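Below you'll find the structure, written out as structure tokens, and then a few comments.
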Amino acid sequence: MSISTIESQARGIFRQIKELMDRFAHINWALSEQAIVSGASFVTSVLVARSLGIEGFGRFTLAWLGVFLVQNVHLALILAPMMTIGSKQTNTERPAYFGTVVFQQVIFAIVATFCVYSALKLSGWYAPELRISVLAEPLALLVFFGQFADCLRPYFFLLERGKISFALSAIRYGLQMVLLIAVFLWFDGESSLFAVFLAMSVSALIAFLTGLLFIEPVVFCSQTMPGVIKRNWRLARWLLPNSVALWARENFVFAATGAVLGLAEVGALRAAQQLVYAVNVILFGFGNIVPIRASKAYVTGGIDTLLDFIDQFVMRYNALIGVILLLVMLMGEVLITTIYGEIYSGYGFLIRAFALVMLVQLARITVSTILQAMELTAYEFYASTAGFLFVAFASYPLIQNFGMAGAMLSMVLFDGVLLLVISIGLRGAFFLAPNKRVL
């Protein structure tokens, strides 16, 4: 074989590789960006857990519940409608649509920040032993700036500018890691936990200000704004209870664990959860890719095209995640003691339990994606109501009677209830007339 022939074949191979990379660029950027987010969250957990000890990490976890509630509500009210409805806007409709989203975002940020600040200050009265009221100021700042930074991530993916989302996350979480290392070198005790949340707030602010340089022009149109708000709300009103229910699962289970078993067990739960979440970057990259493309598939070709997308892409994606989760289950004890230290020895079963929780979540998210693309989110409301009632009434007695096993059983059954209800809803969705896309 001549040298020229070899060179020609080599160029052909490189050209095919480049075409393949270009074809799946949105996936590569989404997974890379999510790797940064999940990695930073994991490293933050390790730093706090090792620096403050298992009880200090438990206190960090309980304080974080306020941020977690805002993140879930923010996803339901702002981000999910933006990803589903925003992806359907034409180039001429986009400025007015995103102008409305900006208006909604500012109002929500102000209200949410005030609520979190007030709740944390009041905790000094109703739960003084937790000592989280002193964290009200930095947590309020994190809630405010974090929302705006979080909003830019799906925004740029929606515009198919994933490189910018990646860059903003790299700036935010890279700076956050540097600041956290400095915090644990220079501070100790309660002051270090205060500084942790302050460092996270500063990094979110810097990322948001950087992102403002790249956003498209927006228009605040009083004629179109009411219609956009109404359409967003039709989608969000059913997702909101689901977001609150997801928060309630964390809140009730972690709070009940702290009340019955102590802060150390809360710290162990959170450590195991963060470790499994860090391993499954691919699952969380799902949220940056699938909802937008599922919505576009449904608009382009209806239910048949949507189901083809689920079959050809989502199910294969899920199979890969399932394999990773099985490997995590097998290495539970080794993972938790290696990463967090011997003080967490004996909690390896929590890794296996959280991996099982994520398998159930994966099935639930897949069904939810189909319903959200069709804008049939009422079933999310029914599911979240059932899940909320279950976790509200069952988590405390389960933990009281079965300890940590009861806590994990509460989480598995919660997602199992949601999966059952929305699966019933999916069956009903196929009997709807084609023009009935919104409940």
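Set side by side, the residues 86, 66 differ, and just one is small (Gly, Ala, Ser) and either free of Cβ contacts under 8 Å to residues at least 40 places away in the same chain or within 28 Å of residue 198 (Cβ to Cβ) (or both), which is 66. Of the candidates 418, 426, 439, the single residue that is on the phi < 0 side of the Ramachandran plot, modelled with pLDDT of 85 or more and out of contact with any strand residue (DSSP E or B) (no Cβ under 9 Å at 6 or more places or on another chain) is 418.
Conditions (1) more than 28 Å from residue 231 (Cβ to Cβ); (2) modelled with pLDDT of 85 or more; (3) acidic (Asp, Glu), marked per residue:
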site: 6; (1), (2), (3): yes, no, no
site: 69; (1), (2), (3): no, yes, no
site: 90; (1), (2), (3): no, no, no
site: 93; (1), (2), (3): no, yes, yes
site: 108; (1), (2), (3): no, yes, no
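Pull up region 230-242, narrow it to residues that are surrounded by fewer than 22 Cβ atoms within 10 Å (Cβ to Cβ) and not basic (Lys, Arg), then point me to the one that is farthest from residue 88 (Cα to Cα). Only one residue tops the list, namely 241. So in region 153-205, with the set limited to residues that are of a type in the set (D, E, K, R) and under 25 Å from residue 117 (Cβ atoms), which one is modelled with the lowest pLDDT? Applying the filter and picking the extreme gives 190.
Against the conditions (1) within 24 Å of residue 417 (Cα to Cα); (2) over 18 Å from the mean Cα position of the chain (by Cα), residue 313 satisfies every one except (1). Quick one: would you say residue 41 is more than 30 Å from residue 234 (Cβ to Cβ), surrounded by fewer than 17 Cβ atoms within 10 Å (Cβ to Cβ) and among the hydroxyl-bearing types (Ser, Thr, Tyr)? So residue 41 passes the test. For region 125-138, the criterion of being over 23 Å from residue 259 (Cβ atoms), in contact (Cβ under 8 Å) with a residue 40 or more places away in the chain and surrounded by 18 or more Cβ atoms within 10 Å (Cβ to Cβ) is satisfied by at least one residue. The residues of region 218-229 that are under 15 Å from residue 86 (Cβ atoms) and either surrounded by fewer than 16 Cβ atoms within 10 Å (Cβ to Cβ) or of a type in the set (A, V, I, L, M, F, W, C) (or both), listed by number, are 218, 219, 225, 227, 228, 229.
The values are calculated or read from the model by the stated rules, or taken from the named source; none is laboratory data. Predicted, not measured: the structure shown is a model, and the values here were computed from it. Virtual Cβ from ideal backbone geometry, glycine too; neighbours counted across all protein chains shown.
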